[in-house]
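Shown next, in structure tokens, is the structure this report addresses.
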Amino acid sequence: MDIFDAIKTRRSIGKVKDEPVPKDDLEKILEAATYAPNHHRTNPWRLFVLTGEGRNRFGEHLASVSKLSMKEPLSEEDIQKLEKTKKKPLRAPVIIAVGVEPDDGLKIIREEEVAAVSAAIQNMLLAAHALGLGAVWRTGAICYHEKMKDFFQLSAKGEMAGFIYLGYPEINPTDLKKQHFNEVTQWIN
């Protein structure tokens with residue numbers, strides 16, 4: 001797939017089939033992450049592949065973190081929300097959780113570490129698309145909660161960058177009309 005076609009046709013696909021993704025394809029996606037640019041070659045990305053029972057454990061953790069913001073005793077509505085939260089990781093056969101583990105060198109700028117991991121995520125999304133997979137990068141407040149670091153064993157300075165849900169598309173994404181670059185570009189000569 002031509003890189004420009006890949007960039008223009010990649011879409012977030014949140015509805016995927018419950019079919020296994022070959023390990024070879026997952027390894028290609030993970031390798032693509034490591035080719036992202038990063039200042040000082042710190043390799044700040046941390047990648048966690050969740051499949052099978054790992055998705056259930058992740059769902060339990062998501063529910064336990066969500067419960068922290070709920071008042072006791074839990075209402076029937078809260079209990080239903082927690083049950084729904086537990087099942088969220090089962091929406092895809094594979095989740096790649098992506099963390100940032102910033103280097104602590106004197107010249108290291110934290111924002112550059114986060115930017116490098118964002119570039120790694122984009123590489124993974126493009127690689128998944130090129131392999132015929134659907135993917136969506138999920139974040140939200142729960143992603144950045146302190147307890148997420150515990151689940152993925154990141155250091156105190158680490159943080160999560162998102163969760164990439166992967167699988168074979170169950171839907172055909174529609175074309176998107178994108179803003180023309182001229183609307184956001186200034187040429188400075």
Inset, instruction - Select from the range 116-189 those GluC sites (Glu not before Pro) which occupy a DSSP coil region and have at most 15 other Cβ atoms within 10 Å, ordered by residue number. - result: GLU170
Inset, instruction - Among the chymotrypsin sites (Phe, Trp or Tyr not before Pro) in the range 1-66, which ones are in a DSSP loop with at most 11 other Cβ atoms within 10 Å of the Cβ? Mind listing them? - result: TYR35
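Within the range 1-157, what whole-number % of the accessible surface is contributed by carbon and sulfur, with the 1.4 Å probe and all protein chains included in the calculation? Working shown, then result.
Numbers: 4850 of 9240 Å².
Here it works out to 53 percent.
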Inset, instruction - Give me the net charge of SER66's neighbourhood, meaning all other residues with Cβ under 13 Å from the Cβ of SER66; Lys, Arg count +1, Asp, Glu -1. - result: +4
Inset, instruction - List the longest stretch of the chain that has no exposed loop site; here a site is one of the trypsin sites (Lys or Arg not before Pro) assigned by DSSP to anything other than H, G, I, E or B, with at most 11 other Cβ within 10 Å. - result: 1-70
Legend entry - Selected from THR139, THR174, THR85 as most flexible by GNM, with the chain as the system and alpha-carbon contacts under 10 Å: THR174
Legend entry - Those aspartates and glutamates that a straight Cα-Cα span of less than 12 Å connects to LYS17, excepting residues fewer than 8 apart in one chain: GLU170
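Please give the per residue accessible area of the chain, computed with a probe of 1.4 Å over protein heavy atoms only, in Å².
63
Cβ under 15 Å from ALA156's Cβ, ALA156 left aside: what net charge do those residues give with Lys, Arg +1 and Asp, Glu -1?
-2
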Inset, instruction - With unit charges on the beta carbon (Lys/Arg positive, Asp/Glu negative), name the residue among LEU133, THR42, PRO73 whose Cα is farthest towards the positive pole of the charge dipole of the chain. - result: PRO73
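Using the membrane-span-like helix rule (whole DSSP H runs, Cα extent along the own axis of at least 18 Å, mean Kyte-Doolittle hydropathy at least -1.0), which helices of the chain qualify? Intermediate values should be presented prior to the final figure.
Working: long enough: 52-67 (23 Å, -1.05); 110-130 (30 Å, 0.43).
Span-like helices here: 110-130.
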Legend entry - Nearby lysines by direct alpha-carbon distance to LYS67 (threshold 20 angstrom, same-chain neighbours under 8 apart not counted): LYS81, LYS84, LYS86, LYS87, LYS88, LYS147, LYS149
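Let's see if you can work this out: charge +1 on each Lys and Arg Cβ, -1 on each Asp and Glu Cβ, no other charges. What is the dipole magnitude of the chain about its Cα centre, in debye to the nearest 20? Please list the in-between numbers first.
Values: 27 positive and 27 negative charges, 59 e Å.
That gives the chain a dipole magnitude of about 280 debye.
The values are calculated or read from the model by the stated rules, or taken from the named source; none is laboratory data. Quick caveat, the model's predicted, so the values are computed rather than measured. Cβ: placed from backbone, ideal geometry, glycine included. Neighbour counts: every protein chain shown. Quick note on the areas: whole protein, heavy atoms, side chains included, nothing else; ligands and nucleic acids left out. Shrake-Rupley method; radii C 1.70, N 1.55, O 1.52, S 1.80 Å.
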